[in-house]
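Below is one structure, written out as structure tokens, with a few remarks after it.
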Amino acid sequence: MQKNQLHRGLEQRHITLMSLGAAIGVGLFLGSASAIKLAGPGIILGYAFAGMIMFFIMRALGEMAIQKPVAGSFSQYARDYLGPLSGYITGWNYWFLWVVTCMAEITAAGIYMEYWFPEIPRWIWALAALVIMSAVNFMAVKAYGELEFWFALIKIITIVFMIVVGLGMIIFGFGNGGMATGISNLWKHGGLLPNGVTGVLMSLQMVMFAFLGIEMIGITAGEVKNPEKTLSKAIDTVFWRILVFYVGALFVIMSIYPWTEIGVKGSPFVLTFDKLGIPAAAGIINFVVLTAALSSCNGGIFSTARMLYNLAEHGEAPPAYGKLNKNGVPSFAVLATAGALLVGVVLNYLVPAKVFTWVTAISTFGALWTWSMILLSQMRYRKGLTADQAKGLKYRMPLYPFTSYFSLAFLILVAGLMAYFPDTRIALIVGPLWLGILVVFYYGKGLHKRGKQEDLQERVG
């Protein structure tokens, strides 16, 4: 049995930086511009509030992950506390949403490489990114953690540098002839909420998409050396990291530039570095965003392979996906994800851009499903505990049950907003359709009978 178990090779620094990196995706560098267009400076409130909700969701996940650290994480918890069908749908849904997200990321990597090598076709870089990230995932989990550590560090250093320099411009007038810019740009151009509360509500889908991947901390639970100490520390700092990196960065950018100019003249990060007189600003940011895309793809392949491994253990995916190589890595599961992404490289050039954008909207729907399952599993888990067991929890959700219900209501609100606004409505059609296909497959293949047997065995055991 020991032979077919994942290796616990991830250390405290790996998890801390991985969870940091997961919270800082391409969304902050590029996606923030379109969110600012919708909400103006009010986007800061959107990120802060959504960040608080994500903190509660991560605490709910941590409560279960520290008691029961397993590879399938929230898919396993959905199976344990909500039933086999919930676990099956959550596992395959998470695999699909990351495949879609990684398709976008390897495409992005191709676009960023065009900056330096415009004559080389984009698909070659997309393919190279896929091959390299897949190869990394075949190595021992410690090597994966090491690479992710450095990827995250590059992003963090860039953002911290920009925040520090930006504050220098605001307070001391760096790069502005000694004239302090101040923060009046936050309310000068139509006020803090130039498009009203509606603008902030419209931006919430974009804001939540930026947090996709933060739940990856839970998936590392099966390969962490000291789950109790490591996971609790990583989760506890989530809210503060979001405040510093998202709210801090956007506060600085929108204080220096009128919000109406952001996104019109290129990346806000490039603009800030340019103003300082750094000639290689565009090249530096391009490199950072490239590492952000590769990091996201790397993390996506890692988490989907672990999800397939867990599904295979329950007979809901081909048995080969449950086999580990000598490094303790589910290699066939990594290959399956890489194969699906290879289709993505081809589809990039066959499918019109708008359709591809629609498909990536499913990622947000998939994330909302995953986060809802985490909250529902935690609520059911709590209901099954005696008063003494609840008191003895090593790590608990603050202000339970109010925070669980409140966070769930917020996710339902975001889904409702996606249905209301035409641009995101497609996700509420395709997302449930995908879930419907999974349910049909589940009953068509007779997987529900296997689920009942497992349930019975566990109760008897």
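Data overview
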item: Check on TYR47, farther than 19 Å from SER232 by Cα and in contact with an Asp or Glu (Cβ under 6 Å, 6 or more places away or on another chain); result: no
item: Contacts under 8 angstrom Cβ, first residue in the stretch 416-438 being open to solvent by less than 40 Å² (accessible area, probe 1.4 Å), partner modelled with pLDDT of 85 or more and of a type in the set (Val, Ile, Thr), 6 or more apart; result: LEU435/ILE89; LEU438/ILE89
item: Residue that is outside any helix (DSSP H, G or I), open to solvent by 60 Å² or more (accessible area, probe 1.4 Å) and small (Gly, Ala, Ser), where the choices are GLY177, GLY213, GLY191, GLY182; result: GLY177
item: Considering residues of the stretch 311-331 that are open to solvent by less than 30 Å² (accessible area, probe 1.4 Å), out of contact with any Asp or Glu (no Cβ under 9 Å at 6 or more places or on another chain) and outside any loop (DSSP other than H, G, I, E, B) only, the residue modelled with the lowest pLDDT; result: LEU311
item: So VAL334, is it modelled with pLDDT under 85 and out of contact with any Gly (no Cβ under 6 Å at 6 or more places or on another chain); result: no
item: Members of the stretch 388-404 found to be in contact (Cβ under 8 Å) with a residue 24 or more places away in the chain and in a helix (DSSP H, G or I), listed by number; result: THR403, SER404
item: Number of the condition not met by PHE302 [criteria: (1) open to solvent by 10 Å² or more (accessible area, probe 1.4 Å); (2) outside any loop (DSSP other than H, G, I, E, B)]; result: (1)
item: Residue check, THR181 hydroxyl-bearing (Ser, Thr, Tyr), out of contact with any Leu (no Cβ under 9 Å at 6 or more places or on another chain) and at pLDDT below 80; result: yes
item: Residues (open to solvent by 30 Å² or more (accessible area, probe 1.4 Å), under 13 Å from PHE302 (Cβ atoms) and either assigned to a helix (DSSP H, G or I) or among the acidic types (Asp, Glu) (or both)) located in the stretch 102-142; result: ALA135, PHE138, LYS142
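Results for (1) within 30 Å of HIS314 (Cα to Cα); (2) modelled with pLDDT under 85; (3) of a type in the set (Val, Ile, Thr); (4) open to solvent by 20 Å² or more (accessible area, probe 1.4 Å), shown as yes or no for each residue.
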position	(1), (2), (3), (4)
MET1	yes, yes, no, yes
GLN5	yes, yes, no, yes
LEU28	no, yes, no, no
SER34	no, yes, no, yes
GLY40	no, no, no, no
GLY51	no, no, no, no
MET58	yes, no, no, no
GLY62	yes, no, no, no
PRO69	yes, yes, no, yes
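The values are calculated or read from the model by the stated rules, or taken from the named source; none is laboratory data. None of the values given here were measured: they were computed from a predicted structure. All Cβ positions, even for glycine, are placed from backbone atoms using ideal geometry, and neighbour counts span all protein chains on display. Each accessible area value is taken on the protein alone, full model and side chains, heavy atoms only, with ligands, DNA and RNA left out. Shrake-Rupley method; radii C 1.70, N 1.55, O 1.52, S 1.80 Å.
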